[in-house]
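Shown next, in structure tokens, is the structure this report addresses.
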4 protein chains.
Amino acid sequence: MVRFGVIGAGRIGKVHAATIAANPKAKLAYVADAFKASAEALAAQTGAEVADAEDVIKSSGVDAILIATPTPSHAALIEAAARAGKAILCEKPVSLSVERINACLDVVEKNRSTLMIGFNRRFDPNFASVEGRLRRGDIGEIEIVTITSRDPAPPPADYVKSSGGLFRDMMIHDFDMARFLMGEEFVVVNALGSSLVDKAIGAEGDVDTAAVQMQTASGRIAVITNSRRATYGYDQRIEVHGAAGMLAARNIHATSVELSNANGVSGDPVQYFFLERYAQAYANEINAFIDAIDSGTRSPKPGGFDGLQAQKLAEAATVSWRTGKPVEID
Amino acid sequence: MVRFGVIGAGRIGKVHAATIAANPKAKLAYVADAFKASAEALAAQTGAEVADAEDVIKSSGVDAILIATPTPSHAALIEAAARAGKAILCEKPVSLSVERINACLDVVEKNRSTLMIGFNRRFDPNFASVEGRLRRGDIGEIEIVTITSRDPAPPPADYVKSSGGLFRDMMIHDFDMARFLMGEEFVVVNALGSSLVDKAIGAEGDVDTAAVQMQTASGRIAVITNSRRATYGYDQRIEVHGAAGMLAARNIHATSVELSNANGVSGDPVQYFFLERYAQAYANEINAFIDAIDSGTRSPKPGGFDGLQAQKLAEAATVSWRTGKPVEID
Amino acid sequence: MVRFGVIGAGRIGKVHAATIAANPKAKLAYVADAFKASAEALAAQTGAEVADAEDVIKSSGVDAILIATPTPSHAALIEAAARAGKAILCEKPVSLSVERINACLDVVEKNRSTLMIGFNRRFDPNFASVEGRLRRGDIGEIEIVTITSRDPAPPPADYVKSSGGLFRDMMIHDFDMARFLMGEEFVVVNALGSSLVDKAIGAEGDVDTAAVQMQTASGRIAVITNSRRATYGYDQRIEVHGAAGMLAARNIHATSVELSNANGVSGDPVQYFFLERYAQAYANEINAFIDAIDSGTRSPKPGGFDGLQAQKLAEAATVSWRTGKPVEID
Amino acid sequence: MVRFGVIGAGRIGKVHAATIAANPKAKLAYVADAFKASAEALAAQTGAEVADAEDVIKSSGVDAILIATPTPSHAALIEAAARAGKAILCEKPVSLSVERINACLDVVEKNRSTLMIGFNRRFDPNFASVEGRLRRGDIGEIEIVTITSRDPAPPPADYVKSSGGLFRDMMIHDFDMARFLMGEEFVVVNALGSSLVDKAIGAEGDVDTAAVQMQTASGRIAVITNSRRATYGYDQRIEVHGAAGMLAARNIHATSVELSNANGVSGDPVQYFFLERYAQAYANEINAFIDAIDSGTRSPKPGGFDGLQAQKLAEAATVSWRTGKPVEID
């Protein structure tokens, strides 16, 4: 039985709390949130108790801390939980600063804590199936990984001020996915970006349309394209080309219904809302963490190192886009 | 708030109980089952109390009775619940006998009870979308309804002894779907059947492979094919042809992943297990019932009449197959 | 080298003449047509000579006669060509009368002539692939054959007066396809029909919407649906269900282009015109006949017997529709 | 009537000659080839005469010269034909040297000749449909063009010595397609490449796996991936993302047949051979040239400038790959 303290009762905290509550191997013991009303609402719904984050972390009735607070608080909460001897599942990213991540991971390391980072897409059944088949050798040696990732609609332009920009807040998922699929680190990053969707995003010094190509030491290639807009829904596709074939995960549509008439054949748009598109991924992620803790596994994946590496690629892409030059990763 | 008594704590009773428990407008008050251990296990999981079916039906703490027991008990339980003034959701069929259904519906009628029949497929998001678009006129006047329905694997041959046979236990879902989509009653039924999957089923006097064609008074046509076996999963498709086009609901596959190699392009089999394939349909069905009761609707669909009509078509098909002649429906 | 006389220089005669002209194993020697201008135009285009049908049939410079005239002349032309010792490829049907076909086939038999009937769809690469894989055992023993066949738009109502009606002029292709795929004769035919597309067709005593189900002696089932209208193009699909799986041939679309936008995902309509949809089939058919004659094969398929059997099924379906009763085939 | 002299009777010359011979607005007058036997065979088949290239170019019986010889002879033949006042259709590329192309285009310009370059893929019905719909505004302003292009199998390693390498002999088609679809010139090119398919290709100083990303002055992005190997056939896809949606052209498969069984659903591989995949494109290309000349159009597209620009991008990509740096295009 894994007893959880959830810190952060916002949109994603609620989703995770429901999964924890439904898992017979877990118990949702405490909920904390800076807005007490949010914590109370979630606690009432799930039968948990409300407490301050600090107390939750220190509580002897808690084995694992789930951190679903805003990004700036992640690193400190991880450190506190690590020092308190708790297993930790933290939403991505650990921090927008690679240095801060390094410092935080040092604390985790020293306390021999278990840390998992919430790159939920690794747990999507479609992408997980691709990864499993790559490891099984279904298409032989990997040659090219292609990731297409487009949000249905852009965020408010001022969001990018605090988010760190497209490469850090959006493409970071794709950097993690590229590493997950490729199974080899990237050594060079080339980025192009533009503000084609919303000029106000460009005015804030960010891009809303971007392409990145990366290469590993052995010459394998990854190509990622991002856009802050896709009128047809939340476009989330991967394609991996190997010596013996291609594996691809297609988009998920609202229904399987097709209309054929004089205009042609038409189907539903792609699922629009990320909580719907990745509902199963979020649940699988939490359940995988619970299984890992419950079975005594020390290093559930993706871990702190994965958080660090994705952040390094996001940094490198940002620099590459700004300078117009490739950036090497050490 | 709709307070439920669930009678029958088997496979499907459990699925429904979980939906009731998760719906904020409903409360799972009591669980009853002939095997007390089953009732107790489900009650423990959901916070309900265990009671005898009789007591549940009479309890003043219950507004609605969900009947998920074996078929032979359905009609009597419906009558008891109707007399006790409860709203009723009963798994299909009401009875294998049209006469018994008529008698039961009389009791429901006299007690002005609310009765919904569990034809879950009407609530599948794909099929419901097709029906909604038909009613909206997306393809104009309906001409042909085609339903393909194949189970992944045959039941034990002795199951068909008690089930009433393929037309009554399996195709009945398709008869209801044909009526649901067509929106007009059928006046003639033509059935063909064979035992091609398992000779033992034929030896029991039933078929495992069947085709039915039906016609309405205005000349519209429905075609249904059934098989007890589909190696590629639980094949569940509909196609409706109208004056202005065609609407089709395709199968649902395990993942969206495709492998391309020298053998071609291949995707996952169709979802295999009916509880997985229709998970959303089962939940939507219960929630629709709760909404209907909660809002005071007297006649949620599908109702007793729908149960009766589907059973009449199943009877007619059985007779048509046995006699080799079309059967007219009054 | 097979020297051809083509009788009938209409739409389909021209298509076949072009294939003959392009085949290095064949020579288009003569063209005949009741409208001399048509024959002359086709002859000029292909380098053939114009002659009367009678003379073409008797010419020592001709090895094979291709009959592409209106239906009523088919049987007599086949008989004349058979008596002249020519190989014959005749467009379907031999005759609308089963008796007339029998008489004609007697003459063919007595003269030991080679006769192939132009059921072009057997030569469609998609359907031929399905048939080849069925014979190879890709899905084991066949259980159900389903054929969907819908014309893009209805013919003028008075066409059905001379055509023999939907079952004889349209569904006859599907009867042949059902036999081709099934590999076993049908023993019972059940037909339903309606006039839903054009009331004028109904007024002429025919149907424009129909469903037929047939069964073989071993219990296998075929289901055919026809409509004179499909707004989305020329709908031509087959699906075969066997003990070990399902083989299906999908429709052919104008291009592979898909548009995704807020309305969903949409592709091109199905190919609309039968000469485009079956262009490859028509060519493959002629080339198969040429190969058969060139290599001395006496019985290219489909032969006279196939023409007879399809006509018998069309007759039976017409009777079944009119009487509302199943018709047995001897 | 456009009278043609075809220079080069190899594989592609034969394909084009057949199209010319079948076009009623054109006449195949002369065929020339360094191997006289090849010219004679093609002439015999098509009714043309054989002559030396020089004489064909000067002949007063020729209006248009089709150049289908090896690349090194292209520029000189174009110049000779331009000086002789003929319209010219030349297979790509004009030359592997940008300087040589410039010199050649000067001669074309001075002689006011009509020159079309054989970028056949612009005439593929699928890609042409995408381009037409982009120009019509179906997806609004273009944001990202993605081109996936993979040959079924690698050439012999020593082929790349004379071909100029992957970027010049293979990706040049994609550079032209990117310009065709984008409708705006690219100003920067970033290339990555590896030898993952055949180490011998790497040993020759070339790559067999490559990714290029390019940007226009207005910030639009194109991404191209190439591989010399695709086990599943000749992978030829484009995807264009715009403000109002996405247009995509999918691969073309051998048949529309699908097999469903316990292993899942599988379809045919993608068409393997480029002459099959682009058969319609080759014919449409020649017919478009004939229409242009026949109707007196002076500048059929793609013209010499298009040949030049594609070559510049191929050069830039080669340099970018070698130096590991982006290359700007003037």
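Just to be sure I understand, how many residues within the range B:246-269 are more than 30 Å from A:Ala243 (Cβ to Cβ) and either in contact with a Phe, Trp or Tyr (Cβ under 7 Å, 6 or more places away or on another chain) or at pLDDT below 95 (or both)? Please lay out each step first, then the result.
Filtering the range B:246-269 for residues more than 30 Å from A:Ala243 (Cβ to Cβ) gives B:246-252.
Remaining after also requiring either in contact with a Phe, Trp or Tyr (Cβ under 7 Å, 6 or more places away or on another chain) or at pLDDT below 95 (or both): B:246, B:249.
The number of residues fulfilling the criteria is 2.
Please enumerate the residues belonging to the range B:254-273 that are of a type in the set (A, V, I, L, M, F, W, C) and either more than 26 Å from the chain's Cα centre (by Cα) or buried (at least 18 other Cβ atoms within 10 Å of the Cβ) (or both).
In the first step, residues of the range B:254-273 are kept if they are of a type in the set (A, V, I, L, M, F, W, C); the result is B:254, B:257, B:259, B:262, B:265, B:270, B:273.
Listed by number, the residues that qualify are B:Val257, B:Leu259, B:Ala262, B:Val265, B:Val270.
Do you know which residues across the range D:23-46 are outside any loop (DSSP other than H, G, I, E, B) and in contact (Cβ under 8 Å) with a residue 40 or more places away in the chain? Please lay out each step first, then the result.
Of the range D:23-46, the ones outside any loop (DSSP other than H, G, I, E, B) are D:26-32, D:36-46.
D:Ala26 - this is the single residue of the range D:23-46 that is outside any loop (DSSP other than H, G, I, E, B) and in contact (Cβ under 8 Å) with a residue 40 or more places away in the chain.
Please determine, by comparing only the residues of the range C:56-76 that are assigned to a loop (DSSP other than H, G, I, E, B) and out of contact with any Phe, Trp or Tyr (no Cβ under 8 Å at 6 or more places or on another chain), which one is farthest from C:Lys25 (Cα to Cα).
As a first pass, look at the range C:56-76 and keep what is assigned to a loop (DSSP other than H, G, I, E, B): C:59-63, C:68-70.
Next cut, out of contact with any Phe, Trp or Tyr (no Cβ under 8 Å at 6 or more places or on another chain) only: C:60, C:68-70.
Numbers: C:Ser60: 18, C:Ala68: 21, C:Thr69: 24, C:Pro70: 28 Å.
Top of the filtered list is C:Pro70.
Which condition does A:Ile286 not pass, out of (1) facing another protein chain (nearest Cβ under 9 Å); (2) more than 28 Å from D:Ala230 (Cβ to Cβ); (3) crowded, with 21+ Cβ neighbours inside 10 Å, if it passes all the others?
So A:Ile286 meets the others, but not (1).
If D:Val212 meets every condition in (1) within 11 Å of chain A (Cβ to nearest Cβ); (2) surrounded by fewer than 22 Cβ atoms within 10 Å (Cβ to Cβ) apart from one, which number is that one?
Every condition holds for D:Val212 apart from (2).
Can you tell me which residues in the range A:13-37 are closer than 14 Å to A:Ser73 by Cβ and either of a type in the set (Val, Ile, Thr) or surrounded by fewer than 16 Cβ atoms within 10 Å (Cβ to Cβ) (or both)? Spell out the reasoning first.
Step one: filter the range A:13-37 for residues closer than 14 Å to A:Ser73 by Cβ, giving A:13, A:32-35.
Listed by number, the residues that qualify are A:Ala34, A:Phe35.
Those residues that are surrounded by fewer than 18 Cβ atoms within 10 Å (Cβ to Cβ) and of a type in the set (A, V, I, L, M), I need them from the range B:49-99; list them, please.
Correct list: B:Ala76, B:Val98.
Considering the range C:34-58 alone, what residues qualify as being under 17 Å from C:Thr114 (Cβ atoms) and not hydrophobic (A, V, I, L, M, F, W, C)?
Within the range C:34-58, no residue meets the criteria.
Of these, B:Asp106, B:Asp55, which one is farther than 28 Å from B:Ala310 by Cβ and among the charged types (D, E, K, R)? Explain how you work it out, then say what you get.
Working: B:Asp106 fails: farther than 28 Å from B:Ala310 by Cβ.
After applying the criteria, what remains is B:Asp55.
Which of the residues belonging to the range A:181-207 are closer than 17 Å to D:Gly245 by Cα and more than 9 Å from chain D (Cβ to nearest Cβ)?
A:Asp198, the sole residue that qualifies.
Take D:Gly307 and decide whether it is touching a Pro at 6+ places or on another chain (Cβ under 7 Å), farther than 19 Å from D:Val145 by Cβ and within 14 Å of another protein chain (Cβ to nearest Cβ). Explain how you work it out, then say what you get.
Values: touching a Pro at 6+ places or on another chain (Cβ under 7 Å): yes; farther than 19 Å from D:Val145 by Cβ: yes; within 14 Å of another protein chain (Cβ to nearest Cβ): no.
Judged against the criteria, D:Gly307 is not a match.
What residue, of A:Val2, A:Val50, is within 17 Å of A:Ile88 (Cβ to Cβ) and out of contact with any Cys (no Cβ under 6 Å at 6 or more places or on another chain)? Walk me through how you get there before you give the answer.
On the way: A:Val50 fails: within 17 Å of A:Ile88 (Cβ to Cβ).
After applying the criteria, what remains is A:Val2.
Need the failing condition index for A:Ser38 against (1) within 15 Å of A:Asn287 (Cα to Cα); (2) within 24 Å of the chain's Cα centre (by Cα), just the number.
Result: A:Ser38 passes all but (1).
So that you can scan it fast, the table gives a plain yes or no per residue for (1) surrounded by fewer than 22 Cβ atoms within 10 Å (Cβ to Cβ); (2) at pLDDT below 95; (3) over 20 Å from A:Ala248 (Cα atoms):
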{"position": "D:Ile142", "(1), (2), (3)": "no, no, yes"}
{"position": "D:Ala153", "(1), (2), (3)": "yes, no, yes"}
{"position": "D:Tyr159", "(1), (2), (3)": "yes, yes, yes"}
{"position": "D:Ala178", "(1), (2), (3)": "no, no, yes"}
{"position": "D:Gly183", "(1), (2), (3)": "yes, no, yes"}
{"position": "D:Ala191", "(1), (2), (3)": "no, no, yes"}
{"position": "D:Ile201", "(1), (2), (3)": "no, no, yes"}
{"position": "D:Val207", "(1), (2), (3)": "no, no, yes"}
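Can you tell me how many residues within the range D:128-138 are in contact with a Leu (Cβ under 8 Å, 6 or more places away or on another chain) and closer than 21 Å to D:Ala310 by Cβ? Can you show your working first?
Taking the range D:128-138 first, the residues in contact with a Leu (Cβ under 8 Å, 6 or more places away or on another chain) are D:130-131, D:133-134, D:138.
Subset that is closer than 21 Å to D:Ala310 by Cβ: D:130-131, D:134.
Of the residues in that region, 3 qualify.
Name the pairs: first residue in the range A:318-330 and within 11 Å of chain D (Cβ to nearest Cβ), second residue assigned to a loop (DSSP other than H, G, I, E, B) and surrounded by 21 or more Cβ atoms within 10 Å (Cβ to Cβ), Cβ to Cβ under 8 Å, at least 6 apart or on different chains?
A:Ser320/A:Pro326; A:Trp321/A:Val207; A:Gly324/D:Pro326; A:Lys325/D:Pro326; A:Pro326/D:Pro326
Of the residues in the range D:276-315, how many are among the polar types (S, T, N, Q) and outside any loop (DSSP other than H, G, I, E, B)? It would help to see each step written out before you state the result.
Here is the first cut: in the range D:276-315, the residues among the polar types (S, T, N, Q) are D:280, D:284, D:287, D:295, D:297, D:299, D:309, D:311.
If we keep only those that are outside any loop (DSSP other than H, G, I, E, B) too, we end up with D:280, D:284, D:287, D:309, D:311.
Of the residues in that region, 5 qualify.
If you scan the range C:217-269, which residues turn out to be under 30 Å from A:Arg150 (Cα atoms) and within 11 Å of chain B (Cβ to nearest Cβ)?
Of everything in the range C:217-269, just one residue is under 30 Å from A:Arg150 (Cα atoms) and within 11 Å of chain B (Cβ to nearest Cβ), namely C:Pro269.
Would the range C:82-95 turn up any residue that is part of a loop (DSSP other than H, G, I, E, B), closer than 19 Å to C:Lys36 by Cα and of a type in the set (A, V, I, L, M, F, W, C)?
As a first pass, look at the range C:82-95 and keep what is part of a loop (DSSP other than H, G, I, E, B): C:84-86, C:92-95.
Cutting the leftovers down to closer than 19 Å to C:Lys36 by Cα gives us none.
No - not one qualifying residue is present in the range C:82-95.
So which residues in the range B:169-227 are among the aromatic types (Phe, Trp, Tyr) and touching a strand residue (DSSP E or B) at 6+ places or on another chain (Cβ under 9 Å), if there are any at all? Break it down into steps so the answer makes sense when it comes.
Narrowing the range B:169-227 to residues among the aromatic types (Phe, Trp, Tyr): B:175, B:180, B:186.
If the condition is that a residue be among the aromatic types (Phe, Trp, Tyr) and touching a strand residue (DSSP E or B) at 6+ places or on another chain (Cβ under 9 Å), then B:Phe175, B:Phe186 are the ones that fit.
Yes or no: the range D:310-319 includes at least one residue that is β-branched (Val, Ile, Thr) and within 22 Å of A:Gly324 (Cβ to Cβ). Please lay out each step first, then the result.
Initial filter on the range D:310-319 (β-branched (Val, Ile, Thr)): D:318-319.
Next, from what is left, pick out any that are within 22 Å of A:Gly324 (Cβ to Cβ): D:318-319.
Yes.
Restricting to the range D:96-123, what's the tally of residues that are touching a residue at least 60 places away in the same chain (Cβ under 8 Å), away from chain C (no Cβ under 14 Å), assigned to a helix (DSSP H, G or I) and touching a helix residue (DSSP H, G or I) at 6+ places or on another chain (Cβ under 6 Å)?
Qualifying residue count for the region: 7.
The values are calculated or read from the model by the stated rules, or taken from the named source; none is laboratory data. Not measured: the values here are computed from a predicted model. Cβ atoms come from the backbone with ideal geometry, glycine included; neighbour counts cover every protein chain shown.
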